[in-house]
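Here's the structure we're looking at; comments come further down.
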Amino acid sequence: MHKLKETIMHVVFLIAALVSIAAVALICVFLFVNGIPAIKEIGFGDFTLGEVWKPTNGYYGILPFILGSIYVTAGSLIIGVPIGLLTAIYLAKFCPDRLYKVIKPFINLMAGIPSVVYGFFGMCVLVPMVRSIFGVNGNTMLTASVLLGMMILPTIISVSETSIRAVPDKYYQGALALGATHERSVFKTVVPAAKSGVMAAIILGVGRAVGETMAVIMVAGNQVHMPDGILRGVRTLTTNIVMEMGYATDLHRQALIATGVVLFVFILIINLLFSIIKRKTVA
């Protein structure tokens, strides 16, 4: 009887794993089957390197959206990674227990806030702030980067903190025994030992930033042109798909699906690059 239960559980786990794989496979098949023909018809070079997006006139260049996604994601990482990592270090090694019980629930709450709420915060607070400080239209690349930097904080903090806490205590104790201070032991011994988990946190943060749509739509300006400064509006790959899919038809619709293919490949390339960097760092 016990053997039968164990076999049944193995089958259930296998089915669950296969469902997950099948879901990813179906998404890939849908994207590539519907997107590749559009790329062939438009031309790979004209599609990925074209600087003009005017579907009504037959122009389907998505280079402005690719660069917009890269710039906004990079800006969010510049803001979110240092703050998130330092916060994780503080919570794991420096924060008093009483204060930890106050801070940690707020960080967990940030992870559960809907994207549209972040977008409203950006519209009502960040956009006017950028407008008053720089004297420009507040819907800019900078605004989107700051907002996304805030949105990826919970992911980076939680994963990084878990990784730092997972480092065996003998690393820290060994550094102290050699005469290092508490701060030096943490930053020179514990944090480097947790670099694998920190890299995973950054990868998850990149995925959140690249895939975010609603909040970016509300603060980025959504201007269809080549990005020419952090104080100008920008449109990303995801926002372009959402804004135009509702009324797109024929080749226009296929081009938007092809944009999803580019986004999918874009995320795969980012994950691959981080994996290579991670391996070199570990080595």
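Name the single residue that is surrounded by the fewest Cβ atoms within 10 Å (Cβ to Cβ) among those in segment 31-45 being free of Cβ contacts under 8 Å to residues at least 40 places away in the same chain and not basic (Lys, Arg).
Among residues in segment 31-45 that are free of Cβ contacts under 8 Å to residues at least 40 places away in the same chain and not basic (Lys, Arg), the one surrounded by the fewest Cβ atoms within 10 Å (Cβ to Cβ) is 45.
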For residue 182, state whether it is open to solvent by 40 Å² or more (accessible area, probe 1.4 Å) and either in contact with a Phe, Trp or Tyr (Cβ under 8 Å, 6 or more places away or on another chain) or of a type outside the set (Val, Ile, Thr) (or both).
yes
Would you check if residue 131 is under 17 Å from the mean Cα position of the chain (by Cα) and open to solvent by 60 Å² or more (accessible area, probe 1.4 Å)?
no
Six or more apart or on different chains, Cβ under 7 Å: which pairs go from a residue in segment 225-254 that's more than 24 Å from residue 128 (Cα to Cα) and open to solvent by 30 Å² or more (accessible area, probe 1.4 Å) to one that's among the hydroxyl-bearing types (Ser, Thr, Tyr) and part of a loop (DSSP other than H, G, I, E, B)? Could you list them?
242/213
For residues that are without any contact (Cβ under 8 Å) to a residue 12 or more places away in the chain, touching a helix residue (DSSP H, G or I) at 6+ places or on another chain (Cβ under 9 Å) and polar (S, T, N, Q), tally how many sit in segment 46-82.
1
One residue from 42, 103 being modelled with pLDDT of 90 or more and under 26 Å from the mean Cα position of the chain (by Cα)
103
Just to verify a result, which residue in segment 160-179, among those that are without any contact (Cβ under 8 Å) to a residue 60 or more places away in the chain and aliphatic (A, V, I, L, M), is most open to solvent (accessible area, probe 1.4 Å)?
178
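Of the residues 51, 6, which single one is among the acidic types (Asp, Glu) and surrounded by fewer than 11 Cβ atoms within 10 Å (Cβ to Cβ)?
Working: 51 fails: surrounded by fewer than 11 Cβ atoms within 10 Å (Cβ to Cβ).
Result: 6 is the single residue among 51, 6 that is among the acidic types (Asp, Glu) and surrounded by fewer than 11 Cβ atoms within 10 Å (Cβ to Cβ).
I'm trying to understand the selection: among the residues of segment 72-93, which are aliphatic (A, V, I, L, M) and open to solvent by 10 Å² or more (accessible area, probe 1.4 Å)?
Going through segment 72-93, the residues aliphatic (A, V, I, L, M) turn out to be 72, 74, 77-79, 81, 83, 85-86, 88-89, 91-92.
Selection gives 74, 77, 78, 79, 81, 83, 85, 86, 92.
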Residues of segment 189-224 satisfying the condition of being open to solvent by 10 Å² or more (accessible area, probe 1.4 Å), assigned to a loop (DSSP other than H, G, I, E, B) and farther than 27 Å from residue 272 by Cα:
222, 223, 224
Confirm whether residue 130 is among the hydrophobic types (A, V, I, L, M, F, W, C) and more than 20 Å from residue 214 (Cβ to Cβ).
no
Condition broken by residue 149, with the remaining ones in (1) small (Gly, Ala, Ser); (2) within 14 Å of the chain's Cα centre (by Cα); (3) loosely packed, with under 15 Cβ neighbours inside 10 Å satisfied
(3)
Please work out which residue is nearest to the chain's Cα centre (by Cα), limiting yourself to segment 134-146 and to residues that are surrounded by 19 or more Cβ atoms within 10 Å (Cβ to Cβ) and polar (S, T, N, Q).
145
Cβ-Cβ below 9 Å, separation at least six or inter-chain, first residue in segment 10-29 and open to solvent by less than 100 Å² (accessible area, probe 1.4 Å), second part of a helix (DSSP H, G or I): which pairs?
27/264; 28/264
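The values are calculated or read from the model by the stated rules, or taken from the named source; none is laboratory data. Not measured: the values here are computed from a predicted model. Cβ atoms come from the backbone with ideal geometry, glycine included; neighbour counts cover every protein chain shown. Areas reflect the complete protein model, heavy atoms only, side chains present, ligands, DNA and RNA absent. Shrake-Rupley method; radii C 1.70, N 1.55, O 1.52, S 1.80 Å.
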